[in-house]
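Structure record follows, encoded as structure tokens.
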Amino acid sequence: MNPVKLTENVYWVGAVDWDVRDFHGYSTNRGTTYNAFLIMDEKITLIDTVKKSLKGDLLARISEIVDPEKIDYIVVNHVEMDHSGSLPEMVDLIKPEKIICSKMGEKALLQHFHQEDWPYEIAKPGEDVSLGKKTLSFLETRMLHWPDSMFTYLVEDQILFSSDAFGEHLGTSERFDDEVDQAILLEELTKYYANILTLYSPLVKKLIAKVKEMDLQIKMIAPDHGVIWRSNPGMAIEAYEKWSSHEGNGKALIIYDTMWHSTEVMAKEVGTGLQNEGISYQLLNLRYNHRSDVMREVLNASAIILGCPTLNNGLLPRMAGFLMYMRGLRPANKIGAAFGSFGWSGESVKLLNEAMTDMKFDVVDDGLKVKYVPEDADLSQCVELGQRVGQALKAKQSA
Ligand code: FEO
């Protein structure tokens, strides 16, 4: 694949990772990209690098434009290895005059690569760096996604190089937002926010307010993963604004696992109760839905109903793992409820409720547990549980 021009003298020179299917526990079924950008000016500048295994792709694309050894500056917006894995070899080859990064970035680079003598230059908001005809300015964006993260803004071209923010794990031959299927783009943008950024929502909210206050003119957003937003950067910004406010879509999710189908039968009847209240819902069996796909749905949902039987005084392992994952991501502003079958001890419903209370979900009641196999009266109670959740949801929406 050739380099791709963004604007005059600005190019995408990154790499497409068609094969990656697991990104620290997040299922990347459509692969991803590690975006890097080359600015040709009096000071030739590379913004970010790529995963170590794809360094050859980066070098080949740069070489189509310029001898890589002629690069003067490397900007490191983020130190995580998907963007810095090939940095040591690139530094050896290029011998850059400056490696521009945040203060925390310098620390993180030292702790990753242990190179005291690299030419670090700390990027400071308000202190621009001139490349000749073009100018770089910087925004501190701590914890989006790591403490070292920052954005770089190319003033004359109005391009925001946004590191992990506004990205998607989407490996494609196309480079721009208007060239890909919009439904797939929204699905992957949603999944990315849900699995990477939900817990940093308060910071996302502040950042968007700050960018608005600065009246930053943004012609393009160039993240480090997925497509470059050239036609509709507003779509990504508006979506982040909505998600960071934890606005629900009025729908419910029934997320469950089952041992001998009793909890599954209960799940379906809880769904009937929701339907009776006119609530749109989805059944998500953890056996068939990857936790990162479930989190994509959790991001927008207004009610989360968890179902699990009791195993060894606890939860089935898939539910326990999912709860651990969801708690870490800290979704907020949800109504919660729990149900499950049991044989003799029956702790699962209590454990599910405790986990949701811990996440500050508004848990509607003590939940419902059924011994072994549900009979008609139990199934009626499942319908009633679904109805109670539906009523709570409608009351919240009309409040
Ligand atoms: Fe794409 Fe936080 O790295």
- Using 0.36 nm per residue of separation minus the Cα-Cα distance, give me the extension gain between Val66 and Lys396 in nm, one decimal. 112.9 nm
- Note on the structure: Expressed in angstrom and rounded, the centroid-to-centroid distance over alpha carbons for the range 351-399 and the range 156-184 is 40 Å
- Task: Specify the inter-centroid distance of the range 194-218 and the range 301-344, based on alpha-carbon positions, in whole Å.
- Result: 30 Å
- Item | the range 82-200, relative contact order in percent, only Cα pairs under 8 angstrom and at least six apart counted | 16 percent
- Cβ-Cβ FRET estimate between Leu203 and Trp344, R0 fixed at 56 Å, reported to 0.05: 0.75
- Query: GNM on the chain, C-alpha springs below 10 Å: top fluctuator among Met81, Met214, Met359?
  - Reply: Met214
- Message: How high is the relative contact order of the range 4-244? Use alpha-carbon pairs under 8 Å, at least six apart in sequence, and give a whole percent.
- Response: 17 percent
- Task: For the chain, give the share of DSSP beta bridges that are antiparallel, in percent and rounded to the nearest 5; count only bridges with both residues there.
- Result: 45 percent
- Note on the structure: Inter-part gap, Cα centre of the range 249-288 to Cα centre of the range 112-139, in whole angstrom, is 51 Å
- Which residues does a label at Gln282 reach in the range 194-230, if reach means a backbone N under 19 Å from a point 7 Å past the Cα toward the Cβ? 194-199
- Query: If r is the Cβ-Cβ distance from Asp366 to Lys212 and R0 is 45 Å, what FRET efficiency results, to the nearest 0.05?
  - Reply: 0.55
- Message: Residues of the range 184-227 with the amide nitrogen closer than 18 Å to a label point 7 Å from the Cα of Glu241, along Cα-to-Cβ, please.
- Response: 190, 201-221
- Query: For the chain, what % of the accessible area comes from carbon and sulfur atoms, probe 1.4 Å?
  - Reply: 49 percent
- Summed side-chain charge close to Asp82 - residues other than Asp82 whose Cβ falls under 10 Å, Lys, Arg +1, Asp, Glu -1: -3
- Per residue solvent-accessible surface (Å²) - the chain, probe of 1.4 Å: 42 Å²
- Item | Cα shape, the range 4-244, gyration tensor, a/c 1.5 rule | rounded
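The values are calculated or read from the model by the stated rules, or taken from the named source; none is laboratory data. This structure is a prediction, so every number in the text was calculated from the model and none was measured. When we count neighbours, we look across all protein chains shown, and the Cβ atoms used for this are built from the backbone with ideal geometry, even at glycine. With ligands, DNA and RNA removed, areas are computed over all heavy atoms of the protein, side chains included. Shrake-Rupley method; radii C 1.70, N 1.55, O 1.52, S 1.80 Å.
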